[in-house]
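These notes are about the structure you will find just below.
The values are calculated or read from the model by the stated rules, or taken from the named source; none is laboratory data. No experiment lies behind these values; they were computed from the predicted model shown. Positions of Cβ are backbone-derived with ideal geometry, glycine not excepted, and every protein chain shown enters the neighbour counts. Please note that ligands, DNA and RNA were not included when accessible areas were found on the heavy atoms of the full protein model with its side chains. Shrake-Rupley method; radii C 1.70, N 1.55, O 1.52, S 1.80 Å.
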Amino acid sequence: MPTCQQLEFIQSLASPAYLHYLATSNYLTDPAFLAYLKYLQYWRQPPYNRFLTYPHCLTFMDLLLTNETFRRELNSVQFRNFLHEQQFYSWQYRSRHLYGGGGNDDAVKDGAGGDGIGEVGEGEADAAVAK
């Protein structure tokens, strides 16, 4: 039976920093821990996976279970940082394609998007900061 603790744990596998912690704490070489990850594979099934906010945790879980090189490389800070960067780029790409970047990134950076959304007058900004 799934629990909230299992859900929180499996989603924590989406964090490269947490994976690095597991590797440097020798959890990834513990057969009992790997057996627990194997048990948690049921979260892939539709009755359960709909509760996942970070579904790529399942991909990392698969790599932990099937790829010894991946588990070994997680000891490296450089590899942890590489995973984090790749994850960020993936989210950035997905966000732009799902929600649109409009191709007008310079206007957004300058605050001159022109669509009126999210634009706050000077007095409103001061009032928001004062709160």
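Summary table
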{"read-out": "Point-to-point label distance, residue 92-residue 56, nm (Cα→Cβ direction, 7 Å offset)", "value": "1.2 nm"}
{"read-out": "Accessible-area order (highest first, 1.4 angstrom probe) of the listed residues 1, 61", "value": "1, 61"}
{"read-out": "Accessible-area value, residue 88, 1.4 Å probe, nucleic acids and ligands omitted, Å²", "value": "100 Å²"}
{"read-out": "Exposure of residue 48 as accessible area (Å², to 10), given a probe of 1.4 Å and all protein chains", "value": "70 Å²"}
